[in-house]
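The values are calculated or read from the model by the stated rules, or taken from the named source; none is laboratory data. On a predicted model such as this, the values are computed, not experimentally measured, just so you know. In this analysis, Cβ positions are derived from the backbone assuming ideal geometry, glycine residues included, and neighbour counts consider all displayed protein chains. Only protein heavy atoms, including side chains, enter the accessible area calculation; ligands, DNA and RNA are left aside. Shrake-Rupley method; radii C 1.70, N 1.55, O 1.52, S 1.80 Å.
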Amino acid sequence: MSQAHRYTFPAIRGIQAQREYYISMCPLRLIPKLFLFDEEEIQPELRAQRVLNKARIPQLVSYMVDNPTEYVFSALTASVDADVEFTPASNDEQHFNVGFLHVPMAARFVINDGQHRRAAIEAALKQKPELGNESVAIVFFVDTGLHRCQQMFADLNRYAVRTTQSLNILYDYRDSSSQLAREISQRVPMFTGLTEMEKSTISNRSTKIFTLSGIHRATRELLATHSDNLSQDDQRRLAIQFWNTVSRHMPEWQQVRQGKLSPVDFRRDYVSAHTIALVSLGRAGNALLAQHPTTWLDRVAKLQTVDWHRGSTSTWEGRATMGGRISNSRNSVLLIGSLIKKALGLSLLPEEMKAENAIATNS
């Protein structure tokens, strides 16, 4: 192999499935030049990966450019369609798998995992060229043909499991709404100890009655049209005050907190046990703050007039339940929210009036 016509990467050699593979570091500036992804017009059966979703790229670019001292990219995985040569840095047995990977310049690199990161790196370098001196890990596999490359893509994605929304919120210290949701879960006594912090759903036998993702979503509804006019501190104070006030006027919530009603029975028998109700309370709260900014605290007491028991089918069927099962649709948020708003003496939006007319017609 000609020394002048090959790439040389410092690398560590390993064995998987009886095949050699290599791990190296590559400067970001070389990523767009070396690693290609299949073009969209190629038929799926002739590609080795999914079509690039260009809508994902701007978010990844912003993540890199806006967080130059904090961003984290995991390793790219690439197949090399060429005969490669590995030269150990030393004949010492302890260092025999540390050395240099030599790849012909005519080789074709195909990314098996990380094509969106690769595209984001290319775009980010145009905005912030100095990122080119940084590096990303590359896992190289020697490609033995298209079928092997496609199988690698399938295997790499076969057991990938997305983290839950609650866990993402729990670990996200950059997003202000995530920080607020965490603080609310810790500072509102009704939520403390009764919030599922990792999962976005609650199992039948769980002792929790709220999810962190539900609190996050409900609080975003609450502050949706107010956040631009409030500082972060004011948003935090308002949200904590709102949820504390609501909690005092939700009898079933208090019964669970006091141990008079089990979480299992609560979830089975009451609409107010479900995220859809929490989000609807946030939506109604948004209107309450807008329509009665100085007297909203007094009006929250009217929540006690709402019968949250699922046995009240004339109230909840078609609004919060469909065939007796809780509905999590956007329409249900509108309908539960409009019921709460009427209980609080608030005016309805046109879309809520339309949804109310539709349910009245169908009942």
Open item on the list: Within the stretch 197-215, take every residue that is among the polar types (S, T, N, Q) and part of a loop (DSSP other than H, G, I, E, B) and give me the one that is nearest to the chain's Cα centre (by Cα).
Closed with: 200
TODO: Scan the stretch 161-195 for residues that are open to solvent by 70 Å² or more (accessible area, probe 1.4 Å) and either in a loop (DSSP other than H, G, I, E, B) or out of contact with any Ser or Thr (no Cβ under 8 Å at 6 or more places or on another chain) (or both) and report the count.
DONE: 9
TODO: Check the stretch 107-115 and report whether any residue there is open to solvent by 20 Å² or more (accessible area, probe 1.4 Å) and at pLDDT 90 or above.
DONE: no
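Can you name the residue in the stretch 196-209 that is in contact (Cβ under 8 Å) with a residue 60 or more places away in the chain and surrounded by fewer than 23 Cβ atoms within 10 Å (Cβ to Cβ) and is also nearest to residue 264 (Cα to Cα) among such residues?
Once the filter is applied, the top-ranked residue is 204.
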- [ ] Just give me the residues in the stretch 322-356 being under 22 Å from residue 299 (Cβ atoms), among the polar types (S, T, N, Q) and open to solvent by 50 Å² or more (accessible area, probe 1.4 Å), in sequence order.
- [x] 347
- [ ] Return the residue satisfying two criteria in turn: it lies in the stretch 306-321 and is modelled with pLDDT of 95 or more and open to solvent by 60 Å² or more (accessible area, probe 1.4 Å), and of such residues it is farthest from residue 265 (Cα to Cα).
- [x] 307
TODO: Could you please let me know if residue 359 is closer than 24 Å to residue 270 by Cα, among the aliphatic types (A, V, I, L, M), open to solvent by 20 Å² or more (accessible area, probe 1.4 Å) and at pLDDT 90 or above?
DONE: no
Task: Among (1) hydroxyl-bearing (Ser, Thr, Tyr); (2) within 27 Å of residue 63 (Cα to Cα); (3) touching a residue at least 24 places away in the same chain (Cβ under 8 Å), the one test that residue 231 misses - done: (3)
TODO: Write out, first by first residue and then by second, each pair whose Cβ atoms fall under 8 Å of each other, whose residues are 6+ apart or on separate chains, and whose first residue, in the stretch 239-254, is in contact (Cβ under 8 Å) with a residue 12 or more places away in the chain and farther than 12 Å from residue 289 by Cβ while the second is open to solvent by 30 Å² or more (accessible area, probe 1.4 Å) and not in a helix (DSSP H, G or I).
DONE: 244/189; 247/189; 252/270
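Considering only helices (runs of 4 or more DSSP H) fully contained in the stretch 312-363, which possess at least 3 residues that are among the charged types (D, E, K, R)?
By residue number, 330-343, 350-362.
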Open item on the list: Go through the stretch 16-36 and report how many residues are assigned to a strand (DSSP E or B), open to solvent by less than 80 Å² (accessible area, probe 1.4 Å) and farther than 19 Å from residue 143 by Cβ.
Closed with: 1
